[in-house]
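Quick notes on the structure that follows.
Read-outs throughout are calculated quantities, based only on the coordinates presented, and are distinct from any laboratory measurement. Note that the structure is a prediction, hence the values are computed from the model and not measured. Quick reminder, even Gly has a Cβ in these numbers, built from the backbone with ideal geometry, and neighbours come from all protein chains shown.
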Amino acid sequence: MVKTTSVQNKVLVLQAFDTLLNKRDYKAAERYWSSNYLQHSAHIPPGRDRLFNLVRTMPASLKYEPGVIVAENDYVIVHGRFSGTGRPRNSIAVDIVRIAVDIVRIADGVLAEHWDVLQDEAAREESQSGRPMFGDFFPA
């Protein structure tokens, strides 16, 4: 087992999210998520298969955009935007994932645990700060 660095963990999480959420390559996504995946989000059922099934129910227009990403030890935090969900507004998310070794598959560097915070994206006229919640510009 090789200990991964914070930079490697950031790359891993970005690849995992892109593979599952944007490419919808469920077979390839299995490489990134532990078969013992723990879910702490109230709106996502527990387990890797249930996460994948939730994504399968989302519209084909679903898009995930990562923004700021930070990592320390085995934890990675990504600030991102979900659009094309079929909801009236985009969602701004802070996803926290723990990277670990998957003992069942003897795989280094898999997403083992997840927490998140979601919020509807505010329009320019709703932003009291006058700044967008994600990126440098308000969505069109």
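Some observations on this one:
- Model label sites at SER129 and HIS40, defined 7 Å from Cα along the beta-carbon direction, differ in position by 2.3 nm.
- Each pair of Cα atoms in region 6-126 enters the Kirkwood radius, and Stokes-Einstein at 4 °C and 1.567 mPa s then converts it into a translational diffusion coefficient of 88 µm²/s.
- Relative to the Cα centre, the charge distribution of region 6-126, modelled as +1 at Lys and Arg Cβ and -1 at Asp and Glu Cβ, gives a dipole magnitude of about 440 debye.
- Contour minus Cα-Cα distance for THR5 and ASN22 (0.36 nm per residue): 3.6 nm
- Positive-end residue, the chain charge dipole about Cα centroid, Cβ charges, pick of ILE69, GLY130, PRO59: PRO59
- In this simple spin-label approximation, ARG50 and TYR75 carry label points 7 Å from Cα along the Cα→Cβ vector, and these lie 2.3 nm apart.
- Using the Karplus relation 6.51 cos²θ - 1.76 cosθ + 1.60 with θ = phi - 60°, the per-residue 3J(HN,Hα) values for region 7-17 come to 5, 4, 5, 4, 4, 4, 5, 4, 5, 4, 4 Hz, with x marking Gly and Pro.
- Net charge in the neighbourhood of ASN90 (other residues with Cβ under 11 Å of its Cβ; Lys, Arg +1, Asp, Glu -1) is +1.
- Neighbour net charge for TRP115 - beta-carbon separation under 14 angstrom, K R +1, D E -1: -3
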